[in-house]
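Report on one structure; see the data block that follows.
Just so it is clear, none of the values below were taken in a lab; they were calculated from the coordinates. The structure displayed is predicted, hence computed values, not measured ones. Methodologically, a virtual Cβ is constructed for each residue, glycine included, from the backbone with ideal geometry; neighbour enumeration extends over all protein chains shown.
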Amino acid sequence: MPNPIFRKPPSIKLRWPLVLIGLAVVAGIWFLSTSFVIVDQTEKAVLTTFGKYARTLGPGLHYKLPFGIQKAYLVRTQVIQTETFGFRTLKPGIVTQYSDKKYPEESIMLTGDLNIVDVEWIIQYRIADPQAWLFNVTDKQKTIRDTSQSVLNMLVGDRAILSVIGPDRQNIQDAAVRLMNELLNRYGLGVEVTQVQLQNIVPPAGVQAAFEDVNKAIQDMNRLINEGQEAYNAEIPKVKGQAEQILEVAQGYATERVNVAKGDVSRFNAVYEEYRKAPEITRKRLYYEMMEEIFKDQKNVDLIDKSLSNLLPIKNLTAPAQKEVQP
Amino acid sequence: MKKISIIIVILAALAVLFIVLFGPLFVLNEGEQAVIVRFGKIVGMHSSAGLKWRTPFVDEVHVFPKKLMSWDGEPQRIPTRENQFIYVDTTARWRIADPVKFYESISTLENAYARLDDVIDSAVRTVISSNFLREAVRSSDEILKAARVETFQTGEVANSDSLQQLAIVSTQYEKIEKGRRVLSEEMRQLVSSIVPAFGIEVVDILPRQIKYSDELTESVYQRMIKERNQIAQAFRSYGEGKKAEWLGKLENEKRSILSSAYAKAEQIKGKADAEASRIYADSFGRDPTFFEFWKAIESYRKTMPGFSKTLSTSMDYFKYLYGPAGR
């Protein structure tokens, strides 16, 4: 009786070479795919043999021992990496979008004068030593962030709030780079911090209005001073003109007064010359001329006799003169 | 025969698999260290990477990281020595310095973190609460050196010293005895008296953030606001003062200009009056009697026509009314 077991072997026997070839191909592919490593221009590769550091490879195609005997770790050493604190970039672009979310647990700090300030900053770093980067520290990103936060807190804590907001920015940035590199070198992280850039440094939201108000007050101050100057400028030139006017008027009065005097006197002198020649006559003439001039145009003048002997005194002294003088 | 060869191949594959999985060779990567345990007893320790030997079946390999690790605590609410409550957020760097001791006393990373939580939190609490707030915030006395003059963009209008005096926020900063770095070091020392027993080394403990408790934050905000208000007031009041000064100056100059004009005018007029007097006197003095007569008739000429008159014939003018020879 034919048994399936006895029928099968021939077919297995037939496929043996195929299996072997298949295995060889798989082994070949595995061999090839694990024998080479391509390192990009921006990267370096760290090669380990049985887990132990062998050497660091630059860009290009490199041969390594296959089957996991040598492993290559690619590290992006040329790329500047950025960490932001107190804010997050959502999408960089021509108009970079930032997240609205605040991160007070990163940005709120105490200043040396025990005020509160809100600081946002970024750091940029580069992996300088790929071997150290790979093998010395776990939680690398967290270590960098923690270090940066600690350093910034320390620097801000050493300064007055107004220095932090204003003139000490550059000092803080420089010192932060130096201190961060000191710490990270001590940890052997293998990175180099190239830049610390302070972004927004503002008083916390609760007191911003008061800080703004100081600026407003400065504007108010300038406005008030200008108002004072304006009033001054509006009045004083006018007053100066008025003073000129007073002087001119006085001058006119003076000239007039002297001229009138001169005129009066010259007339008097002329008459006097005549008078001296014939005093009595001139005196009488002048008298009568005067009287004539006075009475010439007069009407309704009552004339009464002192002794009441020649003309009737028809005069009611209480009433205004109404009747003509009867000659 | 073929069956046997198949069995041999399978056995060979199993043997390779067996050697790889349980065999005398194992790979220790960079950044790792291992403790070899045989029947519960530590028989060896590897701290450098590479291909390592062990006795198959009986040796257990426990791999621990050799890298520097981060520890991150929860922010703790701690009273300072002056009894102000602050939140202190600390981080620490630590490593397994002695894997044998570590395995004996703690065995796992979870246990290590739990132990570090206890030890470091307690150290932070001890150090912070026995020091003043300023010691934790500042790390030097640099703030004492910095000029405490706030510069405002006041524009050109006001640059006077009195304003600068007003706007200065005069705070007396106290010297610190230790500072943040020393406190960090104290924390580390406290911890270092305990953790070596676990085979752990704590490299440093850094306060990542120090902030006021919520109640305290509110009152600090109030203080900051008041401080700003006071400065704003100084500016506004200075502006008011300057304005008043201008208005006063205006009044002063107005009065002085007008009065000096008046004085000059009167002087001019007086001079002219004197001149006129002199001219009159020079001329009239030549014959006072005639002058009196002349002045009288001149005066009558001007005044008489305006009077309403009742005339008496006793005037000389009328004397010929009585007869050709006069009265």
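Structural remarks
- Modelled label positions at residue B:229 and residue B:245, each set 7 Å beyond Cα in the direction of Cβ, lie 2.7 nm from each other.
- Between helix B:288-303 and chain B: long-axis angle, C-alpha atoms, 0 to 90°, nearest 10: 70 degrees
- Per-pair calculated FRET efficiency, R0 = 56 Å: residue A:205 and residue B:48 via Cβ, rounded to 0.05: 0.55
- Given +1 at the Cβ of Lys and Arg, -1 at the Cβ of Asp and Glu and no other charges, the dipole of segment B:42-100 around its Cα centre is 240 debye to the nearest 20.
- About its Cα centre, the dipole of segment A:190-303 is roughly 840 debye, where the only charges are +1 on Lys and Arg Cβ and -1 on Asp and Glu Cβ.
- With θ taken as phi - 60° and the Karplus curve 6.51 cos²θ - 1.76 cosθ + 1.60 applied, the whole-hertz 3J(HN,Hα) list for segment A:20-37 is 4, 4, x, 4, 5, 5, 4, 4, x, 4, 4, 4, 5, 6, 9, 9, 10, 9 Hz, x standing for glycine and proline.
- Farthest toward the positive end of the dipole of chain B, out of B:137, B:239, B:296, is the Cα of B:296, where the dipole comes from beta carbon charges about the Cα centre.
- Restricting segment B:278-323 to trypsin sites (Lys or Arg not before Pro) in coil, as DSSP defines it, with at most 13 other Cβ within 10 Å: B:286
- Take the Cβ atoms of residue B:299 and residue B:256, set R0 to 51 Å, and the FRET efficiency comes out at 0.75.
- Total lysine pairs in segment B:249-318 at Cα distances under 28 Å, for residues eight or more apart or on different chains: 9.
- Partner aspartates and glutamates whose Cα lies under 19 Å from the Cα of residue A:277, excluding those fewer than 8 positions away in the same chain, are identified as A:289, B:287, B:292.
- Cut-off under 5 Å, modelled amide H: who pairs with residue A:305 long-range: A:311, B:313
- Placed amide H near residue B:138: partners under 5 Å, 5+ positions off or other chain: B:180
- Computed extension length for residue A:33-residue A:223: 60.6 nm, one decimal, from 0.36 nm per residue of separation with the Cα-Cα distance subtracted.
- Residues whose placed amide H lies under 5 Å from that of residue B:66, excluding near-sequence neighbours: B:32, B:33
- Most mobile listed residue (A:60, A:241, A:206) in chain A, GNM with C-alpha springs under 10 Å: A:241
- For segment B:84-97, 3J(HN,Hα) per residue [Karplus equation, 6.51 cos²θ - 1.76 cosθ + 1.60, θ = phi - 60°, Hz, x = Gly/Pro]: 9, 8, 10, 9, 10, 10, 10, 10, 9, 10, 8, 8, 7, 8
- For segment B:48-55, the Karplus equation 6.51 cos²θ - 1.76 cosθ + 1.60, evaluated at θ = phi - 60°, returns couplings of 10, 6, x, 8, 10, 9, 8, 7 Hz by residue, with Gly and Pro reported as x.
- Filtered chymotrypsin sites (Phe, Trp or Tyr not before Pro), segment B:20-83: DSSP coil and at most 15 other beta carbons within 10 Å: B:39, B:57
- Most mobile of A:298, A:41, A:78 in a GNM of chain A (Cα contacts under 10 Å): A:298
- Comparing B:262, B:221, B:280 in a Gaussian network model of chain B (Cα springs below 10 Å), the most mobile by mean-square fluctuation is B:280.
- Note on residue A:292 and residue A:238: their simple-model spin labels are 5.8 nm apart, each label 7 Å out from Cα toward Cβ.
- MRE, 222 nm, helices only [DSSP H, n ≥ 4, -39500 (n - 2.57), over the protein assembly as shown, to nearest 500]: -18000 deg cm²/dmol
- Cross-link pairs beyond the 30 Å C-alpha cut-off, checked among B:175/B:211; B:145/B:226; A:64/A:91; A:238/B:243; A:91/B:67; A:102/A:142: A:64/A:91; A:91/B:67
- Segment A:86-118 versus segment A:34-59: alpha-carbon centroid distance in Å: 38 Å
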